[in-house]
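Take a look at the structure set out below.
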Amino acid sequence: MSDNSRAYPADFTFGVATAAYQIEGAASEDGRGPSIWDTFSHNTKGVLNGDTGDVACDHYHRWEDDLDLIASLGVDAYRFSISWSRLLPTGEGALNQAGVNFYNQLIDGCKARNLKVFVTLYHWDLPQALADNGGWAHRSTAEHFAYYAKTVAELYGDRIDTLCTFNEPWCSSILSHLYGVHAPGNTDLDLTLAVIHGQHRAHGLAVQAVRTVMPDLPLGIVLNCQAIRPASDSQQAKDAAQRHDRFHNGLFLDPLFKGHYPPEIVQHLGNRLPDGWQDDMESIHQPLDYWGLNYYTPEYITDSETGDEPYPNAQRVERQNVQRTDIGWEIDASALTELMVNLYNRYPLPPCYITENGAAYNHGLVDGEIDDQPRVDYLEAHLQAVLDIVAKDIALLGYFSWSLMDNFEWAEGYSMRFGLIHVDYQTQKRTFKKSAYWYQNLMSHRALTSPG
Ligand code: FCB
């Protein structure tokens, strides 16, 4: 190794990540029940071009080849999610044996290829039957989730390396119930607060239920904490950034890691939280073995123009003349380091994995090859930041690239490509991009050259 190289710790875990609805397809095969994403993609105009996850990457039928691709990258781990309604078609009751078999094969396939298994229970695909019964705002959904979590632990816990309750509860509450961008597409603050609280309850109950059957299984949750910066030096912008933090980060971090909602939230919105919320806080606040951070972009915040929101009265500012990926997200790896330092100063956090990081670039095939150099640059910058974080003695245990392959990017449909591996949706052919070769090379060296 040359003098100017920086190595990752010997036991650092590298992986790639996906999610069930984004890749599996086979949406109505082998007894899978519908989820809110089937309904949203089919019955609303919420997804660009009317795209759906009906076929997606057809991973349900191609999982073996896909696992071979993951293994050929040389990574240590595969992070994927289980489709709740493939195991339990209505979210409760009898198991769907075909679904049980699918994930058994997938997990055994990972083990056979020496891949660690990072399982997410909820990556946004609530069984439609539970949504029809009131969804996350209905208290019984949390109990059904705990049953589902325990079932997964009983079925697969002996072969799972980590289990995550929720992926980005901000998206499955605020983005989907306040901003209306994701399924089920509501725009209602009271409903949003009930959903947030319902998901927190579900998380706490699931952790407790899993520990009754698999006490040693490492458990955690994945958050997309926002890397917030004031848009200017003005006191107004700084105050707005702080309010924005309390709402978009604190609503999640404080209950999970401190056992209460942020005082500012209680002061401004306490009367809009579901009745009796105080009695649930102890159950929500469970010790966790790890947490996951999904990081893509920083946010610049100033006070809101209208000032008519109940809280936080803040808004994002799109900065001019900055580098962005094809989805429009500003690129800044320094905000990742800043965010991690800030969070570990403020919260008693367990060790962390960066469970998602990556870039949308829509390069296509030219002479059979995909030259996605901007994605390589993005990954390299963020993997340098990972080394900066490790050097600060923050317990960062691993990094997962989003994503293994191009897939159904939620409201953007198939228009945004995040994969290391290109997918031709007509033929389902997979092709390594330049970034996949770059990541593969990193896996064999486990070090980067110092920048500058
Ligand atoms: C995250 C999601 C993931 C993917 C990336 C781009 O918010 O967890 O499924 O859509 O963004």
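The values are calculated or read from the model by the stated rules, or taken from the named source; none is laboratory data. Note that the coordinates shown come from a computational prediction; the quantities given were computed from them, not determined experimentally. Reconstructed Cβ throughout: ideal geometry from the backbone, glycine too, with neighbour counts over all protein chains shown. For accessibility, only protein heavy atoms count, side chains too; no ligands or nucleic acids. Shrake-Rupley method; radii C 1.70, N 1.55, O 1.52, S 1.80 Å.
Condition check ((1) in contact with a strand residue (DSSP E or B) (Cβ under 7 Å, 6 or more places away or on another chain); (2) more than 30 Å from residue 68 (Cα to Cα); (3) within 16 Å of the ligand (Cβ to nearest atom)) across all residues:
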| site | (1), (2), (3) |
| --- | --- |
| 147 | no, yes, no |
| 161 | yes, no, no |
| 171 | no, yes, yes |
| 181 | no, yes, yes |
| 184 | no, yes, no |
| 194 | no, yes, no |
| 205 | no, yes, no |
Give the number of residues within segment 200-233 that are more than 22 Å from residue 400 (Cβ to Cβ) and touching a residue at least 24 places away in the same chain (Cβ under 8 Å).
15
Just to be sure I understand, how many residues within segment 417-426 are out of contact with any Leu (no Cβ under 8 Å at 6 or more places or on another chain) and either within 11 Å of the ligand (Cβ to nearest atom) or under 21 Å from residue 38 (Cβ atoms) (or both)?
4
Just need a number here: residues in segment 300-335 that are of a type outside the set (Lys, Arg), within 16 Å of the ligand (Cβ to nearest atom) and surrounded by fewer than 19 Cβ atoms within 10 Å (Cβ to Cβ).
6
Every pair of residues 6+ apart whose Cβ atoms lie under 6 Å, when the first sits in segment 303-314 and is within 13 Å of residue 268 (Cβ to Cβ) while the second is of a type in the set (Ser, Thr, Tyr)
313/304; 314/304
Can you confirm whether segment 375-386 contains a residue that is open to solvent by 10 Å² or more (accessible area, probe 1.4 Å) and in contact with a strand residue (DSSP E or B) (Cβ under 8 Å, 6 or more places away or on another chain)?
yes
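Looking at 175, 191, which one is open to solvent by 10 Å² or more (accessible area, probe 1.4 Å), touching a residue at least 12 places away in the same chain (Cβ under 8 Å) and assigned to a helix (DSSP H, G or I)? Show your work before the answer.
Values: 175 fails: touching a residue at least 12 places away in the same chain (Cβ under 8 Å).
Testing whether each residue is open to solvent by 10 Å² or more (accessible area, probe 1.4 Å), touching a residue at least 12 places away in the same chain (Cβ under 8 Å) and assigned to a helix (DSSP H, G or I) leaves just 191.
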How many residues, within segment 363-388, are outside any helix (DSSP H, G or I) and within 16 Å of the ligand (Cβ to nearest atom)?
1
Looking at 265, 196, 221 in this structure, which one is modelled with pLDDT of 95 or more, within 26 Å of residue 297 (Cβ to Cβ) and part of a strand (DSSP E or B)?
221
List the helices (runs of 4 or more DSSP H) inside segment 1-117, counting only whole elements, that have at least 2 residues being buried (at least 18 other Cβ atoms within 10 Å of the Cβ) and small (Gly, Ala, Ser).
97-112
For segment 275-291, check the following and say yes or no: at least one residue is in contact (Cβ under 8 Å) with a residue 12 or more places away in the chain, within 16 Å of the ligand (Cβ to nearest atom) and more than 17 Å from residue 418 (Cβ to Cβ).
yes
Looking only at segment 426-437, count every residue that is outside any loop (DSSP other than H, G, I, E, B) and open to solvent by 50 Å² or more (accessible area, probe 1.4 Å) and tell me the total.
3
Within segment 261-279, the residues that are within 24 Å of the chain's Cα centre (by Cα) and within 20 Å of residue 139 (Cβ to Cβ) are 261
Does residue 414 meet the test of being within 13 Å of the ligand (Cβ to nearest atom), out of contact with any Pro (no Cβ under 8 Å at 6 or more places or on another chain) and at pLDDT 95 or above?
yes
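Check 408, 400 and return the single one that is buried (at least 23 other Cβ atoms within 10 Å of the Cβ), within 16 Å of the ligand (Cβ to nearest atom), assigned to a strand (DSSP E or B) and in contact (Cβ under 8 Å) with a residue 60 or more places away in the chain.
Working: 408 fails: assigned to a strand (DSSP E or B).
On inspection, the qualifying residue turns out to be 400.
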Could you list, in sequence order, the residues of segment 224-262 that are open to solvent by 40 Å² or more (accessible area, probe 1.4 Å), acidic (Asp, Glu) and part of a helix (DSSP H, G or I)?
239
So, residue 423, is that one open to solvent by less than 10 Å² (accessible area, probe 1.4 Å) and either part of a strand (DSSP E or B) or at pLDDT 95 or above (or both) or not?
yes
Provide a single number: the residues in segment 125-138 that are of a type outside the set (Asp, Glu) and open to solvent by 20 Å² or more (accessible area, probe 1.4 Å).
7
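So if I check each of 120, 141, which one is out of contact with any helix residue (DSSP H, G or I) (no Cβ under 6 Å at 6 or more places or on another chain), open to solvent by less than 40 Å² (accessible area, probe 1.4 Å) and of a type in the set (Ser, Thr, Tyr)? Working first, answer last.
Working: 141 fails: out of contact with any helix residue (DSSP H, G or I) (no Cβ under 6 Å at 6 or more places or on another chain).
Exactly one of 120, 141 is out of contact with any helix residue (DSSP H, G or I) (no Cβ under 6 Å at 6 or more places or on another chain), open to solvent by less than 40 Å² (accessible area, probe 1.4 Å) and of a type in the set (Ser, Thr, Tyr), namely 120.
Taking segment 199-241, which residues are among the β-branched types (Val, Ile, Thr), under 21 Å from residue 91 (Cα atoms) and within 24 Å of the chain's Cα centre (by Cα)?
First pass over segment 199-241, keeping only residues among the β-branched types (Val, Ile, Thr): 207, 210, 212-213, 221-222, 228.
From what is left, the residues that are under 21 Å from residue 91 (Cα atoms) are 207, 210, 212-213, 221.
Selection gives 207, 210, 221.
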From (1) among the small types (Gly, Ala, Ser); (2) part of a loop (DSSP other than H, G, I, E, B); (3) open to solvent by 10 Å² or more (accessible area, probe 1.4 Å); (4) within 14 Å of the ligand (Cβ to nearest atom), pick out the condition that doesn't hold for residue 360.
(3)
Can you tell me which residue within segment 199-218, out of those that are open to solvent by 10 Å² or more (accessible area, probe 1.4 Å) and outside any loop (DSSP other than H, G, I, E, B), is farthest from residue 256 (Cα to Cα)?
213
